[in-house]
Every structure is written in structure tokens, then in C-alpha cells.
Amino acid sequence: MSDYTPSEFEKEFQKNFELIKPQIDEQLNIASEAMRKAVTLSEEYGIPFYGYISQAGQYYIPVSVNDKFSNIDRDFLAQLAEIDSYELGDAGGWQHSQLCY
């Protein structure tokens, strides 16, 4: 083990970390479950959505949208879903920005 001795400030931080981190994890688990439910609904009904709870702010385009609504006007769908129409070109899950590549 290291000979490092934490400062009083670091000890206080560690105490808060150990107290609060489980609460943060719990909230993230709740949010993750809610996002999974949103994706399930999106796929079931073919409805795209914008994942505004994500820092990355990504669109979810259901794979099922092409099967369910192959003849729907893409501009109409984009306007209704409040997403950019070019995002509908590659239906198939989470759409990543060019920054991710």
C-alpha cells in the first residue's frame, strides 16, 4: 500500500463521495431504465425522438420506422418529431454527430 496520507480536505471529499456516489448511481439507473422504455416505445410505434437528457443530445431513429412508415414524407416526419430530416436517412438507432467519429 502507498505511504500517501490524504489531507483533511481529501478525507472530507472521500466521505462525501462515498455518501453521494450511490445516490448518483441510483438516479442514473432510473434514467437508464426510462431511456430503455423510450427506445422500446419508439421501436414499437416507429416514432423517432431526440434524447434531450443526454449531454450528446442524440436522435433515436427506430429501425422500425421504415417498415411501419415507408411511404411517409420524410420532411413531414422530421417536422413533426422536431428533428433534422437528414437524420432520417439512416434509420437504425442512436444517431451520432460527426464529433463522435
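Read-outs throughout are calculated quantities, based only on the coordinates presented, and are distinct from any laboratory measurement. This one's a predicted model, so the numbers in the text were calculated from it and none came from an experiment.
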Mean separation of Cα contacts under 8 Å (6+ apart) over length of the stretch 8-100, as relative contact order %: 23
Counting only residues 5 or more apart in sequence or on a different chain, those whose built amide H sits under 5 Å from that of GLN58 are GLY51
GNM of the chain, Cα pairs under 10 angstrom: of ASN66, ASN29, ASN16, the biggest fluctuation goes to ASN16
Output the 0 to 90 degree angle, nearest 10, between the alpha-carbon long axis of helix 8-45 and the longest principal axis computed from the alpha carbons of the chain. 10
